[in-house]
1. Return yes or no: is B:Asp128 acidic (Asp, Glu) and under 30 Å from B:Val378 (Cβ atoms)?
2. Within segment B:292-308, is there a residue that is more than 30 Å from B:Phe92 (Cα to Cα), within 18 Å of the chain's Cα centre (by Cα) and either open to solvent by less than 40 Å² (accessible area, probe 1.4 Å) or among the hydrophobic types (A, V, I, L, M, F, W, C) (or both)?
3. Answer yes or no: is there a residue in segment B:209-216 that is in contact with a strand residue (DSSP E or B) (Cβ under 7 Å, 6 or more places away or on another chain) and part of a helix (DSSP H, G or I).
4. Open to solvent by 50 Å² or more (accessible area, probe 1.4 Å), charged (D, E, K, R), in contact with a Leu (Cβ under 9 Å, 6 or more places away or on another chain) and touching a residue at least 40 places away in the same chain (Cβ under 8 Å) - does that describe any residue in segment B:150-159?
5. Being over 30 Å from B:Leu303 (Cα atoms) and out of contact with any helix residue (DSSP H, G or I) (no Cβ under 8 Å at 6 or more places or on another chain) is the filter; apply it to segment B:343-394 and report the residue that is least open to solvent (accessible area, probe 1.4 Å).
6. Considering segment A:40-52 alone, what residues qualify as being touching a residue at least 24 places away in the same chain (Cβ under 8 Å) and open to solvent by 40 Å² or more (accessible area, probe 1.4 Å)?
7. Inside segment B:316-367, can you point out the residues that are among the hydrophobic types (A, V, I, L, M, F, W, C) and under 30 Å from B:Glu73 (Cβ atoms)?
8. Please determine whether any residue of segment B:332-349 is under 30 Å from B:Ile204 (Cβ atoms), within 14 Å of another protein chain (Cβ to nearest Cβ) and at pLDDT 90 or above.
Amino acid sequence: MGGSIAAIGMGLAAIGAGIGVGTIGGKALEAIARQPEALGDIRANMILTAALVEGAALIAILFSYLVA
Amino acid sequence: MKQFKILFLFLFIGIGRTFSQDNSLSTNNSLAQHESHEVQNPAAPGHEAANQEPSHSGSSPAAHESHKFDPKETAFHHISDLNVYSIGPWNFPLPCILYAPSKGWSVFSSGRFQIDDNHHGTGQKIVDGYVLNKGRINRIKANEFPAGEVALDEIITKKETVSGKEKEQDYAMAQGREWLLDKPSTADGGLFGGGITSFYDFSITKNVLSMLLVFALLAWVFLSMAGNYKKAPGTAPKGAQLLMEPLILFIQDEVAKPFLGPKWERFLPLLLAIFFFVLGLNLFGQIPFFGGSNVTGNLSFTLVIALISFIIVNVNGNKHYWEHVFWMPGIPAWVKIILTPVEVLGVLIKPVTLTLRLFANITAGHMAILIFICLIFVFGNSGANTGAGIGASIGSGLLTVFMMSIELLVAFIQAFVFTLLTASYIGAATEEHHADANHH
């Protein structure tokens, strides 16, 4: 029982991170399309933010793994 | 070309050693082992009928099912660290350095376990009470087990309730009875199901060997490159320089300079070391049919480099950094009381996320590839359904190639992200003026 709840938790964490990283990527592409000369700055900040969002998801997945 | 020569030399030494072992081992041995196991099973209930009957009745079907293909176990076996380096059908023995507080040190080659090719990295011998269980060294917990080499009949797994939690326990069958096996001690103190056990494993494992190989390769490439720059300064780059120079400039211009400000030169060696070591190990783990070492997908490894970056960040943290952590300026006092624990937690969570991000990404990639390969055997029903197996192998092969190309990208991105985050943490800790709104 604990295992299946943990699996749902992992899925929710993945959904959250997916929405977050998707928004970041989409906005970054929009920004690059608008200002191609700022590609370097946008890319670095995009990866940094995506990594932070992913971090939250990873912590959730780790905790659900520990609960299972 | 030189590095290929070294790799081939390594390969041939290993092949030569395995063949010389095979002669002494021979197929007779494994046959005999099977027979003895068959003879022993009926004998066992008669021997210790009263003792073993209840647990045996539960574990007997499980023991039989171990011959059936288990994708989860196969995948986990292939991403874990092992005390033997297997390339295809060849097992390369590695040095074992073990310490048991009750028995002292034991140092020997894992070739002494006489790895059985049919049982995928399970040894046929018990050496000083140590057993090679699916490639990993375990120890027989009982101290009265005799030292020296003892024949190992088989390893059986039972589900048991240990201190309230259901756990799979491995038992070694030797000398006509079962012996409880202990897994190596883990540094996390049992957070991931391990814990402190009756022995410590300091061996040169598969991961350690991969790390040494990548270290040697990187050292050779960079030292020869540095020699080139010294010998012929100002000339066009050639050879490995053509590949490495853009990467070094990329880290310098895209990571070090924007995030570290004027102090970038001081931290560039650290960033380059992290980037190339992680990238090298990521790519080394991607080489197909080369043992599939999974160093960057190992929590201990990622934890250590994350701790290095954590220490560097906090040692170099200036007054403003600590002020922002413990007593954030410019906000009311009651908010500070709430914010300080959050900030302190943030300092500690940074290395944790660094650890987990690299570990999870690389492990997930390896796992996906392994599961695709496992699909062949699931569809083929472990050899019973050849047609479906062939069909699945075409599909799985294509999916695996696709996954591996994605993994090449991930290998680069994760090495870059690790470096970039380290740089941004160092940058945030060493920033002098704090007038801008970029603080967290």
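1. Answer is no for this residue.
2. Within segment B:292-308, one or more residues are more than 30 Å from B:Phe92 (Cα to Cα), within 18 Å of the chain's Cα centre (by Cα) and either open to solvent by less than 40 Å² (accessible area, probe 1.4 Å) or among the hydrophobic types (A, V, I, L, M, F, W, C) (or both).
3. Yes, segment B:209-216 contains at least one residue that is in contact with a strand residue (DSSP E or B) (Cβ under 7 Å, 6 or more places away or on another chain) and part of a helix (DSSP H, G or I).
4. No; the residues of segment B:150-159 include none that is open to solvent by 50 Å² or more (accessible area, probe 1.4 Å), charged (D, E, K, R), in contact with a Leu (Cβ under 9 Å, 6 or more places away or on another chain) and touching a residue at least 40 places away in the same chain (Cβ under 8 Å).
5. My answer is B:Gly387.
6. Selection gives A:Thr49 alone.
7. B:Val352, B:Leu354, B:Leu356, B:Leu358, B:Phe359, B:Ala360, B:Ile362, B:Ala364, B:Met367
8. no
The values are calculated or read from the model by the stated rules, or taken from the named source; none is laboratory data. Computed from a predicted structure; not experimentally measured. Don't worry about glycine lacking a Cβ; one is built from the backbone with ideal geometry, like all the others, and counts go over all protein chains shown. To get the accessible areas, we keep the full protein, side chains included, count just its heavy atoms, and leave off ligands, DNA and RNA. Shrake-Rupley method; radii C 1.70, N 1.55, O 1.52, S 1.80 Å.
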